[in-house]
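This report refers to the structure that appears directly beneath it.
No value in this document is a laboratory result; all are computed from the given coordinates. Here the structure is a predicted model, which is why all the values come from computation and not from measurement. All Cβ positions, even for glycine, are placed from backbone atoms using ideal geometry, and neighbour counts span all protein chains on display.
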Amino acid sequence: MQRLRTDKILFITVVLMVLFGTLMVYSASSVVAASRQGSSYYFAIRQLIWVVVSIPLMLYFKNLHYTKLRTPEVAFTAMAFIMVMLVAVYFIGEQHRWIRLPIGQVQPSEFAKPALIVFLAYFIAQRSQALNSRYTLAPAILAVGFLTVAVMVADLGTAIVIVLTAAVIFFVAGLEKRYIGFAAVAIVLICAAAVWQRPYRLGRIVRFVDPQFKLVDRIDKRGWIRSQMKKSAVTQDTNYQADQAKIAVGSGGPAGVGLMEGRQKLFYLPEAHTDTIYAVIGEEWGLFGTAGVLLGFVIILWRGIRTTVRIHDEFGRYLALGITTLLVVQAFFNMSVVLGIFPTKGFPLPMISYGGSSLMVTLALLGVLMNVSENAG
């Protein structure tokens, strides 16, 4: 049996980003951790534990031939399991996001990502010749729709990433334009309903697009939008996090103020070690640091597209495409929110932000991508 060559470019990029992310978690969280948890290493140590767990997981999937995932047992069992987890988490806690375990918190919505990608890759590869048949689209839409709605209940950001990933896979697979149009309209309507349902989501978008309420007051004479926003106290200053992030990035300049020297993380920038860690990188490492992280995701995009084009197996093609799309889209959203391009939304930066579930899922997916890349020739 011929020994496969490692995609060294992708492998080295991933390892460097994980190590850099662990370093930045410590830098971004040390002061807050010392104040609130009694140890400046509190979050860094936990992140390092997840790194130790996730790296072997990545290597396992890197060495596991991706075709072993191409079974109905894997595809359907993964979807069924994540559905049960998402229903269970709805009845646990007020935020419906985490399941507490002795080793820490697990976020089921993160595991919905690989479950969906494997399911779609298997299902579309099996039915590629009849993709636009209602017998193919109906069960696929039902599965994707139920999963998206279940995730959207508490995590709109992850739901958006999941929908966009599914949309790209279907588009590349050859979905007809009319179905793409119907799907786009449905997605917009569902997202609008999800935003209206949660006043803080509505407040973020309104204050981002129209901070002075000039347009809102012009089109909403009855004041329904303002009334809906007032139902949540969180909507009073939804631009605070975005403003602090832009201050952090702007103060970094070309080369940054230096590692551990950032000031915005000192109780000014919310979620400094999670959703807005890219702002801390901008302050401490400057333009060079943010560009370096961006380059890392560009390399992942390049290797992912290269794999998608070169692999001859349809299942492998949709696996590579789904993994690449998911990670790059999520990174793009995170960086765009920090830079003020999009309204505030909680998107962790893959491999960089603090979070065990996110890191474990990301590295497992990248392990699969490496294996597909190594089999692409």
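Could you list, in their original order, any pairs among Lys113/Lys246; Lys113/Lys345; Lys113/Lys177 whose Cα atoms are separated by more than 22 Å?
Flagged as over cut-off: Lys113/Lys246; Lys113/Lys177.
Using the empirical formula 2.2 N^0.38 Å as the baseline, the Cα radius of gyration of the stretch 1-66 reaches a ratio of 1.48.
Projecting the Cα atoms of Ala193, Val151, Phe213 onto the charge dipole of the stretch 120-235 (Cβ charges, centred on the Cα centre) puts Phe213 farthest toward the positive pole. Stokes-Einstein diffusion for the chain, with the hydrodynamic radius set to the Kirkwood value over Cα pairs and evaluated at 20 °C in a medium of 1.002 mPa s, equals 99 µm²/s. Taking every DSSP helix (H) stretch of at least 4 residues in the chain, weighting each as -39,500 (n - 2.57) and dividing the sum by the residue count yields a mean residue ellipticity at 222 nm of -23500 deg cm²/dmol. For the residues Ala272, Ala140, Ala44, a GNM of the chain with alpha-carbon springs under 10 Å puts the largest fluctuation on Ala140.
Based on the inverse mean of 1/r over its pairs of different Cα atoms, what is the Kirkwood hydrodynamic radius of the stretch 78-202, in Å?
Values: mean 1/r = 0.0650 Å⁻¹.
By the Kirkwood definition, the hydrodynamic radius is 15.4 Å.
With a cut-off of 8 Å between alpha carbons and a minimum separation of six or more residues, what is the relative contact order of the chain in percent?
Worked out over the chain, it gives 28 percent.
Note on the stretch 44-94 and the stretch 10-26: Cα centroid distance 20 Å, given to the nearest whole angstrom. With the charge dipole of the chain set up from +1 on Lys and Arg Cβ and -1 on Asp and Glu Cβ about the Cα centre, the Cα lying farthest toward the positive end among the listed residues Tyr26, Ala121, Gly356 is that of Ala121. Can you give the FRET efficiency to the nearest 0.05 for Asp243 and Ile45, using r as the Cβ-Cβ distance and R₀ = 22 Å? Approximately 0.10, to the nearest 0.05. So, counting K/R as plus one and D/E as minus one, what does the shell of residues with Cβ under 13 Å around Val118 add up to? My count for the surroundings of Val118 gives +2. The Kirkwood radius of the stretch 154-233, taken over pairs of alpha-carbon atoms, gives through the Stokes-Einstein law at 25 °C and 0.890 mPa s a diffusion coefficient of 169 µm² s⁻¹. Remark: the stretch 256-266, residue by residue, has Karplus-estimated 3J(HN,Hα) of x, 8, x, 4, 6, 9, x, 9, 5, 6, 7 Hz, where x stands for each Gly or Pro and the curve is 6.51 cos²θ - 1.76 cosθ + 1.60 at θ = phi - 60°.
With the simple spin-label model, which puts each label point 7 Å out from Cα in the Cβ direction, the Val172 to Val209 separation comes to 3.1 nm. The phi-based Karplus calculation (6.51 cos²θ - 1.76 cosθ + 1.60; θ = phi - 60°) puts the 3J(HN,Hα) values of the stretch 278-289 at 5, 5, 5, 4, x, 6, 8, 10, x, 4, 4, x Hz, whole numbers, x for Gly and Pro. Charge dipole (Cα centre; +1 on Lys/Arg Cβ, -1 on Asp/Glu Cβ; no other charges) of the chain amounts to roughly 600 debye.
Placing +1 on the Cβ of every Lys and Arg and -1 on the Cβ of every Asp and Glu, with no other charges, gives the stretch 269-325 a dipole of roughly 420 debye about its Cα centre.
Across all C-alpha atoms in the stretch 316-377, the radius of gyration and Dmax reach 13.2, 41 Å. Protection proxy ranking, highest mean first, for peptides 165-175, 261-271: 165-175, 261-271, where packing is the per-residue count of other beta-carbon atoms within 10 Å, averaged. Treating the stretch 220-377 as a set of equal point scatterers at the Cα positions, no solvent, please give the Debye-formula log₁₀ I(q)/I(0) at q = 0.10, 0.12, 0.20 Å⁻¹. So the normalised log intensities work out to -0.47, -0.63, -1.14. Using only side-chain charges placed at the Cβ, +1 for Lys and Arg and -1 for Asp and Glu, the dipole size of the stretch 10-162 relative to its Cα centre rounds to 200 debye.
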